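Structure, as structure tokens:
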């Protein structure tokens with residue numbers, strides 16, 4: 001009897017202890033994720049002398065020496081431009097090809113649907129950057145070697161499956177009745193899509209576009225294999241790892257990380273919807 | 001243009017694209033791996049396995065995957081359960097945990113280089129604590145073990161997010177009623193986790209593990225940034241044969257090996273973690 005009477009007192013105490021443990025775990029895990037990024041930023045915001053000095057300070061001196069050395073280093077400006085160009089092309093290609101497919105999957109039942117889904121899902125069982133090896137030869141034959149569009153085509157194979165799956169779930173989330181209502185009111189299929197569905201789907205499509213951009217922006221292997229003169233930032237950094245000084249590496253790392261932080265922040269709402277569908 | 005043709009028209013661009021840039025290159029890479037100067041041969045594979053670096057690269061890659069993936073699975077489960085229990089600040093915690101998802105593997109390598117470099121933050125910390133007299137060379141060619149540890153840490157740091165996100169989405173699909181019912185019957189949180197969350201999470205676990213294992217065999221830029229040539233891995237060797245050694249066919253053999261391992265492991269996990277149709281939510 002007394003044990004039962006004590007229960008209501010003991011339970012909140014246990015719950016409180018549990019809450020503290022929960023908060024402590026969250027903080028610990030956040031530090032684990034954020035601290036390494038912070039340390040990279042400390043390096044990027046210190047002068048070249050400070051970066052190579054020992055011991056190090058754990059706070060940045062806000063000296064832009066490293067960053068300006070990086071920006072003015074031969075080839076960096078061009079590499080940055082190439083990265084943006086390739087990522088933009090990847091974004092356009094993967095949404096351009098992926099969104100219609102996602103729409104078709106969500107709205108129609110037709111023979112061959114299962115096969116197509118299988119093809120898309122299969123891409124995830126393969127290490128796609130390796131495709132750059134055989135494509136290197138094909139590109140030399142077709143004149144696509146060392147071009148932004150050639151690399152963007154390879155990056156699109158990485159981003160396209162995501163674009164298809166994300167837009168599929170987006171369109172599935174918009175009731176088909178809305179479209180049908182537009183048809184009965186005299187819209188053609190295209191008009192109904194443009195005036196009713198597209199505005200509703202646009203934020204999600206934008207998010208998957210940003211995701212495609214990020215995939216391309218971050219990709220290293222295919223970029224390093226397929227570009228020589230027109231290197232992207234990742235390819236440039238990788239190929240100069242051997243000879244470049246530390247402060248160049250860290251400033252370059254920061255240049256890669258900061259846009260990525262913004263991208264992930266921009267699509268954070270959609271991240272889980274994106275990967276939730278990856279479960280099926 | 002109405003009716004039956006429309007879905008096929010909509011699927012056409014993506015299908016054609018995947019055929020040209022996904023299926024065709026695979027045929028091509030297999031072809032290149034088995035040929036040399038136009039004739040069928042297994043020489044490329046012999047050259048590959050005969051190179052002294054091959055066993056090192058092979059076992060490094062396997063060992064890395066075998067150590068990194070289980071740790072990540074546990075960490076991702078921890079992150080996902082912690083996040084799903086959080087009432088305030090859930091969005092912020094999710095964003096922070098998801099950050100590495102958007103970070104390039106090369107950038108992740110450079111981030112951990114800032115820590116493990118000879119003039120890096122770890123050495124600074126150790127010398128501030130008085131544990132070392134002068135900076136230790138963690139990433140030199142004689143310190144294979146510390147390179148390995150650094151790569152393991154960087155990989156865990158970088159790629160746990162992808163598993164976490166999949167698991168969070170999966171936990172969201174589990175109906176709350178199950179947990180409530182178990183709570184009513186007095187199941188402890190641990191028991192609820194083992195008896196409800198884990199079994200119902202199996203489809204997500206399967207996806208997360210498959211994706212992560214494939215990524216683990218693609219490990220390349222993190223290693224390049226931290227270990228350079230001191231720590232060979234399969235993908236790095238592929239790159240070397242393509243570039244430094246200018247031998248496409250051997251590079252293709254490496255690619256085919258990585259592919260075979262990836263596909264083999266995918267099939268393995270599909271089978272082991274198979275979810276019967278009736279048991280799906």
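The values are calculated or read from the model by the stated rules, or taken from the named source; none is laboratory data. This structure is a prediction, so every number in the text was calculated from the model and none was measured. Glycine gets a Cβ as well: all are built from the backbone with ideal geometry, and neighbour counts include every protein chain shown.
To keep it simple, each residue is scored yes or no on (1) more than 7 Å from chain A (Cβ to nearest Cβ); (2) in a loop (DSSP other than H, G, I, E, B).
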site: B:82; (1), (2): no, no
site: B:100; (1), (2): no, no
site: B:109; (1), (2): yes, no
site: B:114; (1), (2): no, no
site: B:135; (1), (2): no, yes
site: B:145; (1), (2): yes, no
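Just checking, which of B:64, B:77, B:73, B:94 is within 11 Å of chain A (Cβ to nearest Cβ), at pLDDT 85 or above and under 25 Å from the mean Cα position of the chain (by Cα)?
Step by step, each of B:64, B:77, B:73, B:94 is checked, and only B:94 is within 11 Å of chain A (Cβ to nearest Cβ), at pLDDT 85 or above and under 25 Å from the mean Cα position of the chain (by Cα).
Could you count how many residues in the range A:134-147 are surrounded by fewer than 19 Cβ atoms within 10 Å (Cβ to Cβ), assigned to a helix (DSSP H, G or I) and either within 20 Å of the chain's Cα centre (by Cα) or more than 8 Å from every other protein chain (Cβ to nearest Cβ) (or both)?
Selection size over the range A:134-147: 3.
So which helices (runs of 4 or more DSSP H) stay within the range B:1-70 end to end and still have 2 or more residues that are closer than 19 Å to residue B:256 by Cβ?
So the answer is B:24-34, B:43-50.
Tell me which of these residue B:191 doesn't satisfy, since it passes every other one: (1) surrounded by fewer than 21 Cβ atoms within 10 Å (Cβ to Cβ); (2) touching a residue at least 60 places away in the same chain (Cβ under 8 Å).
(2)
For the range B:221-237, which positions are modelled with pLDDT of 90 or more and either on the phi > 0 side of the Ramachandran plot or within 12 Å of the chain's Cα centre (by Cα) (or both)?
Scanning the range B:221-237 gives a single hit, B:222.
May I ask you to verify whether residue B:172 is out of contact with any helix residue (DSSP H, G or I) (no Cβ under 9 Å at 6 or more places or on another chain) and either surrounded by 13 or more Cβ atoms within 10 Å (Cβ to Cβ) or within 12 Å of another protein chain (Cβ to nearest Cβ) (or both)?
no
What single numbered condition from (1) within 9 Å of chain A (Cβ to nearest Cβ); (2) in a loop (DSSP other than H, G, I, E, B) fails to hold for residue B:187?
That leaves (1) as the condition not met.
Determine if the range B:47-55 includes at least one residue that is away from chain A (no Cβ under 12 Å), modelled with pLDDT of 90 or more and within 22 Å of the chain's Cα centre (by Cα).
Scanning the range B:47-55 turns up at least one residue that is away from chain A (no Cβ under 12 Å), modelled with pLDDT of 90 or more and within 22 Å of the chain's Cα centre (by Cα).
Of the residues that make up the range A:222-231, is at least one in the same structural domain as residue A:116 (by TED's automatic domain parsing), assigned to a helix (DSSP H, G or I) and over 30 Å from residue A:119 (Cα atoms)?
no
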